[in-house]
Amino acid sequence: MKTIELKGVGRTSMTKAALKKLRKEGEVPCVLYGDNGQNVHFSVVARDLKDLVYTPHAYLVNLNVDGASHTAVMREIQFHPVTDKILHIDFYPVRADRPVAIDVPVAISGNSEGVRQGGKLQIVNRRLKVSALPEHLPDVLDIDITNLALGKNIVVGDLKYDNVQILNPKVAIICAVKTTRAALGQQPGADNANAASAAAAEEKKK
């Protein structure tokens with residue numbers, strides 16, 4: 001998985017007044033949760049978070065806090081309910097010998113059989129939560145929809161990836177091809193059905 005660099009400054013005061021002052025100065029309070037309660041409290045310049053937060057991609061984060069380096073993943077993020085400004089971010093450490101849980105984007109490929117018949121592709125989940133050792137974390141989850149037929153869907157239980165576990169429910173739908181009027185018109189027997197409907201309508205008028 002790709003990494004992104006982030007520089008933070010340690011903070012010691014956790015009072016509401018101190019947090020308010022940080023945010024007013026364009027900083028975002030953050031916490032890196034460590035083992036045995038050894039948490040690292042720090043702040044990051046809000047504009048430096050743009051490429052990490054406002055992106056469809058997933059990253060491991062190389063944190064540098066006051067000269068100390070940490071590899072982490074972003075776990076929880078709190079936004080202001082009105083302005084959508086970032087208020088707080090929780091990070092969790094990454095270790096080479098422990099699985100990491102992280103949201104990974106879905107990459108759809110292929111020309112669906114159902115779409116070729118006039119159906120409409122609907123993507124329900126664009127990101128899935130996976131668990132894997134850091135060395136096996138994928139940048140994206142590739143899903144080939146070439147054989148996805150009209151009225152059918154792909155669920156989490158249909159997906160299989162080496163060394164990666166998907167944590168979403170197995171029945172969660174990833175994507176589906178919805179039936180449309182255009183698709184119904186192309187189905188076998190549709191012309192006969194349409195003709196019968198037209199004839200019935202004409203007979204009703206008499």
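The values are calculated or read from the model by the stated rules, or taken from the named source; none is laboratory data. Values in this document were obtained by computation on a predicted structure and should not be read as measured data. Heads up, the Cβs are rebuilt from the backbone with ideal geometry, glycines too, and the neighbour counts pull from every protein chain shown.
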Query raised in the report: Would you say Gly118 is over 25 Å from Leu167 (Cα atoms), crowded, with 18+ Cβ neighbours inside 10 Å, in the same structural domain as Lys152 (by TED's automatic domain parsing) and of a type outside the set (A, V, I, L, M)?
Result: no
Report summary line: Going through (1) under 12 Å from the mean Cα position of the chain (by Cα); (2) modelled with pLDDT under 95; (3) outside any loop (DSSP other than H, G, I, E, B) one by one, Val130 fails only at (2)
Query raised in the report: Is it fair to say Pro93 is under 24 Å from Lys129 (Cβ atoms) and touching a Gly at 6+ places or on another chain (Cβ under 8 Å)?
Result: yes
Report task. Can you run down the residue pairs with Cβ atoms below 6 Å, 6 or more apart or on separate chains, where the first is in region 146-160 and outside the structural domain of Cys175 (by TED's automatic domain parsing) and the partner is among the aromatic types (Phe, Trp, Tyr) and modelled with pLDDT of 95 or more? Result -> none
Query raised in the report: Picking from Leu52, Leu128, which residue would you name as being surrounded by 14 or more Cβ atoms within 10 Å (Cβ to Cβ) and either touching a Lys or Arg at 6+ places or on another chain (Cβ under 9 Å) or not assigned by TED's automatic domain parsing to the domain that holds Ala172 (or both)?
Result: Leu52
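Out of region 9-47, which residues are assigned to a helix (DSSP H, G or I), of a type in the set (A, V, I, L, M, F, W, C) and either surrounded by fewer than 13 Cβ atoms within 10 Å (Cβ to Cβ) or over 27 Å from the mean Cα position of the chain (by Cα) (or both)?
Ala17, Ala18, Leu19, Leu22
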Report summary line: Those residues of region 75-93 which are assigned to a strand (DSSP E or B) and closer than 16 Å to Arg47 by Cβ amount to Ile77, Phe79, Ile86, Leu87, Ile89
Report summary line: Within region 55-75, residues closer than 20 Å to Gly10 by Cβ and surrounded by fewer than 13 Cβ atoms within 10 Å (Cβ to Cβ) come out as Asp66, Gly67, Ala68, Ser69
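Only one residue in Asp103, Asp97 is within 24 Å of Val73 (Cα to Cα), among the acidic types (Asp, Glu) and touching a residue at least 40 places away in the same chain (Cβ under 8 Å). Which one?
Result: Asp103 is the single residue among Asp103, Asp97 that is within 24 Å of Val73 (Cα to Cα), among the acidic types (Asp, Glu) and touching a residue at least 40 places away in the same chain (Cβ under 8 Å).
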Report summary line: Among the residues of region 75-109, the number that are out of contact with any Cys (no Cβ under 9 Å at 6 or more places or on another chain), over 30 Å from Leu148 (Cα atoms) and of a type outside the set (S, T, N, Q) is 20
